[in-house]
């Protein structure tokens with residue numbers, strides 16, 4: 001009788017420990033606790049955060065470096081009900097006419113938080129000139145150095161949230177574009193895992209098409225259409241630089257309209273619209289013209 005009583009006491013004493021152990025670690029609950037690697041080497045929370053950008057409209061980044069000028073186009077589906085634009089320019093100095101261009105994708109609150117981090121980091125750069133900053137003249141910062149440092153600061157913050165206790169990863173992807181005085185184009189895309197995708201265009205006649213976020217079939221459709229347009233432009237020997245930007249803007253707008261028209265036709269929701277620019281938000285960063293948002297009047301004048 002005494003032995004049975006002692007066994008019961010022992011089991012009752014061990015029960016809270018077993019419950020706590022099962023609560024803190026469960027083979028089926030890797031996505032409910034502090035980020036833990038699964039046996040296959042995955043971090044479920046980071047994978048969920050990486051999927052956040054697929055629930056946004058895709059963002060097109062189209063870059064061209066020509067012999068006399070360089071430009072990058074950022075375009076996405078316009079959302080008139082959103083207070084925050086998904087394409088943002090941040091000046092790096094009062095005299096610099098080519099500030100940095102940011103494209104944000106994913107959870108809006110996370111994107112805004114990381115943009116504020118970038119602004120704070122830029123203030124620090126203006127106050128303290130580090131070794132990675134080239135000061136050409138007073139009040140001037142090298143755009144490429146700024147873009148790289150801001151991308152690194154954002155990526156480090158994202159990585160901290162991937163492994164920190166009690167905080168979740170940022171569900172956002174941010175593209176940073178910079179053009180320097182030589183016309184070199186640098187693109188940095190930060191991911192929720194803390195990694196950075198780098199794309200450079202530093203040779204004459206170089207170009208590239210990159211689509212960020214969005215549903216896979218829409219993203220692939222935009223990529224295919226724009227890549228096809230780029231190949232057609234290369235085959236035209238009489239295509240001068242004065243028309244290159246205009247044709248790139250038109251190709252980007254037409255690609256968005258064609259892909260979304262096909263998607264709506266599949267759902268039986270498509271309605272013919274005569275509007276020219278109400279559905280696509282297009283922003284250009286140009287080595288000579290600076291940054292400007294394409295308006296309806298610009299498109300009407302170019303057609």
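The values are calculated or read from the model by the stated rules, or taken from the named source; none is laboratory data. Only a predicted model underlies this, so the values are computations on that prediction, with no experimental measurement involved. Every residue, glycine among them, receives a Cβ derived from its backbone with ideal geometry; neighbour counts consider all protein chains shown.
For this structure, a couple of remarks:
- Against the conditions (1) surrounded by fewer than 16 Cβ atoms within 10 Å (Cβ to Cβ); (2) at pLDDT below 80; (3) closer than 23 Å to residue 192 by Cβ, residue 35 satisfies every one except (1).
- Residue check, residue 173 more than 17 Å from residue 285 (Cα to Cα), at pLDDT 85 or above and touching a helix residue (DSSP H, G or I) at 6+ places or on another chain (Cβ under 6 Å): yes
- Any chance residue 160 is closer than 30 Å to residue 298 by Cα, surrounded by fewer than 16 Cβ atoms within 10 Å (Cβ to Cβ) and either touching a strand residue (DSSP E or B) at 6+ places or on another chain (Cβ under 8 Å) or at pLDDT below 90 (or both): no
- In segment 107-131, the residues that are on the phi > 0 side of the Ramachandran plot never reach a residue that is at pLDDT 90 or above with C-beta atoms less than 7 angstrom apart, at least six apart or across chains.
- Of all residues making up segment 265-303, the number that are modelled with pLDDT of 60 or more, surrounded by 12 or more Cβ atoms within 10 Å (Cβ to Cβ) and not in a loop (DSSP other than H, G, I, E, B): 13
- The conditions of being at pLDDT 90 or above and not in a helix (DSSP H, G or I) are met by residue 104.
- When residues in segment 222-253 are screened for being more than 17 Å from residue 72 (Cα to Cα), modelled with pLDDT of 85 or more and touching a helix residue (DSSP H, G or I) at 6+ places or on another chain (Cβ under 8 Å), 1 of them pass.
- Restricting segment 121-137 to residues that are surrounded by 11 or more Cβ atoms within 10 Å (Cβ to Cβ) and within 25 Å of residue 191 (Cα to Cα), the residue that is modelled with the highest pLDDT is 121.
- Selection within segment 172-193 - surrounded by fewer than 24 Cβ atoms within 10 Å (Cβ to Cβ) and outside any strand (DSSP E or B): 180, 181, 182, 183, 184, 191, 193
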